[in-house]
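Working notes for the structure below.
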Amino acid sequence: MSSKRTTGARCPDTLYSQNPMSVRANIIFSISIVCSVFATENNANANNRELLAVIASTDGTDEADQAASKAVRQLQSLPSTEITDVLSGFNDASQRGRNWLRALAADVADNGEFPESELLKFFNDRSGDADARYVAFQLLVGNDNDAKAKLLANAATDPSLPVRYLKIQSLIDAAEKQKDESPGEAKETLQQVVQNARSANQLEKATAMLSDLGVKVDLADTLGMMTQWWAIGPFDNTDSKNFDTEYTPEQRYLESGSPIATTGPGEPQTEKGKDGQPVTWLRIDSDDKLGMVDLNAPLKNAKDATAYVYCRFSTDSESADFEAQIRLGCITANKVWVNGKLVTSNEVYHSGSRIDQYVAPCTLSKGENTVMIKVLQNAQTEPWAQDYQFQFRLTRPDGSPVKTSVIEPKQ
């Protein structure tokens, strides 16, 4: 007697009646396929990171630009969902590399559905690279101009200065409309601008508007700029080769906590400067409304020069030690020490300057503290390369100024 067995009825029986070794082989084969897929994806991701690093590191030489151009061509077809990989490439990128990456990001954003959620997540993470976040902002607004107001809603303290600038400008525009009918609201708006703006033009505009409303503002004091210093120089910086040279004031500061040696009567001791010429410590004060300290006058427009400035001060903190930040604007090469510890070092000449150009963490004490800044000038003769100046302040991590009282130089 024969019986018919349908294929469907036999599938479970067939599966379990297979040779165990055959089942095991099928499982291993399936796993190998999955692993192969993951390996391929990982290899692709690693290759993309390598290509992005090539773009980020380009320095303007023909060889580097050719390599960057080739890398861009290979990455231009990335799907739009991988836009944040491109933006992450901004980390530690050169300025030229950032320009390449901006263009690449715009291309990738067009490869498929607009990556709104990815860009929003990237923009909202304030720990990301400031320039990359601004690119994300531009792409989001370019796709939907109505998104601008929402993106800027809490941007008055945004670490991306271009984003902050736009928010601050909207506050200034709002104050312009408020000042006639609601002067009280205009004052509050403009005070917010003064506290958070980093553009000199915006700060000066807000200060002028407040003055028209009967409110006088000392910008340098409000921002917490330190304007009283000891200064000495010039020491040598021929061919810009002395960035790391430790001249006597630097050695003394690192050894004893003060760069100044005094004579019997307590006057600063003369040091041997550039070309063996005697140099001495001079007190310099800035009355600049934004706290800019000029070194050209005391150093007689010295070129190929190194100068040191120094201040001893106290803070109004109730804590024995507290975390703070140095915020330096300086158009030439510089180093900053706080309480004997190097906190920032920037070997850059005449590439522009702005308020809070360099920000670095430091630790301050309730009592006395010291800061020393090394400011170097090169030999450029172009009219735009003649500034030799800096502005400096101390803030808490949120950017609010630390109130300081100068102990030395004495008024």
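Before moving on, here are some points about what is shown:
- Gain in span if fully extended, Asp180 to Lys289, counting 0.36 nm per residue against the direct Cα distance: 36.6 nm
- Restriction of the trypsin sites (Lys or Arg not before Pro) in the stretch 330-363 to DSSP coil positions whose beta-carbon has at most 16 other beta-carbons within 10 angstrom yields Arg354.
- Cross-link reach list, lysines versus Lys300, counting only Cα pairs under 22 Å and skipping chain neighbours closer than eight places: Lys241, Lys272, Lys274, Lys335, Lys374
- Inter-part distance where the stretch 144-211 and the stretch 91-129 are each reduced to a Cα centre, Å: 26 Å
- Sequence-distant contacts, meaning Cα pairs under 8 Å at least 6 residues apart, place the relative contact order of the stretch 282-378 at 38 percent.
- Computed FRET value (nearest 0.05) for Ser88 with Val215, which takes r as the C-beta separation and R₀ as 56 Å: 0.80
- Counted residue by residue at 0.36 nm each, then reduced by the alpha carbon distance between them, the extension gain from Asn301 to Lys403 reaches 33.5 nm.
- Net charge of Cβ neighbours under 12 Å - reference Ser77; Lys, Arg +1; Asp, Glu -1: -2
- Neighbour cut-off at most 10 other Cβ (10 Å), DSSP loop, trypsin sites (Lys or Arg not before Pro), the stretch 283-332: Lys300
- Restricting the GluC sites (Glu not before Pro) of the stretch 245-302 to loop positions (DSSP other than H, G, I, E, B) with no more than 15 neighbouring Cβ atoms within 10 Å leaves Glu246.
- Folded to 0 to 90 degrees: helix 200-212 orientation relative to the chain principal axis, Cα: 60 degrees
- Annotation: amide H-H contacts under 5 Å for Asn296 (H modelled 1.01 Å from N, sequence separation of 5 or more, or interchain): Tyr388.
- Computed on the Cα atoms alone, the convex hull of the chain gives a volume of 267 cubic angstrom per residue.
- Residues within the reach of a label modelled at Arg396 (point 7 angstrom out along Cα to beta-carbon, backbone nitrogen below 19 Å), restricted to the stretch 334-360, are 360.
- Neighbour net charge for Lys366 - beta-carbon separation under 10 angstrom, K R +1, D E -1: -4
- Rounded to the nearest 10 Å², the accessible area of Asp221 at probe 1.4 Å: 90 Å²
- Extension gain, Ala385 back to Asp59 (0.36 nm per residue minus Cα-Cα distance, nm): 115.2 nm
- Neighbourhood charge, 14 Å Cβ-Cβ cut-off, centred on Ala186 and excluding it, Lys, Arg +1 and Asp, Glu -1: -3
- Alpha carbon Rg of the stretch 204-346, scaled by the compact-globule rule 2.2 N^0.38 Å: 1.21
- Straight-line reach from Lys403: taking Cα to Cα under 22 Å and skipping same-chain neighbours fewer than 8 places apart, the lysines in range are Lys216, Lys289, Lys341, Lys366.
- Note that the stretch 74-84 has calculated 3J(HN,Hα) couplings of 6, 9, 4, 8, 4, x, 4, 5, 9, 4, 5 Hz, one per residue in order, obtained from phi through the Karplus relation 6.51 cos²θ - 1.76 cosθ + 1.60 (θ = phi - 60°); glycine and proline are x.
- The value of relative contact order for the stretch 55-98, using C-alpha pairs under 8 Å at least six residues apart, is 61 percent.
- For the chain, the relative contact order comes to 12 percent (Cα pairs under 8 Å, sequence separation of at least 6).
- Split the accessible area of the chain by element, probe 1.4 Å, and carbon with sulfur accounts for 49%.
- Estimated distance in nm for a label pair at His350 and Lys366, the labels positioned 7 Å out from Cα along Cα-to-Cβ: 4.9 nm
- Rounded accessible area per residue of the chain, 1.4 Å, Å²: 53 Å²
- Within the chain: Cβ-based charge dipole about Cα centre, in debye rounded to nearest 20 (Lys, Arg +1; Asp, Glu -1): 960 debye
The values are calculated or read from the model by the stated rules, or taken from the named source; none is laboratory data. Since this is a predicted model, take the numbers as computed values, not measurements. Counting neighbours? That spans all protein chains shown, and the Cβs are built from the backbone with ideal geometry, glycine included. Accessible surface areas use protein heavy atoms only, side chains included; no ligands, DNA or RNA. Shrake-Rupley method; radii C 1.70, N 1.55, O 1.52, S 1.80 Å.
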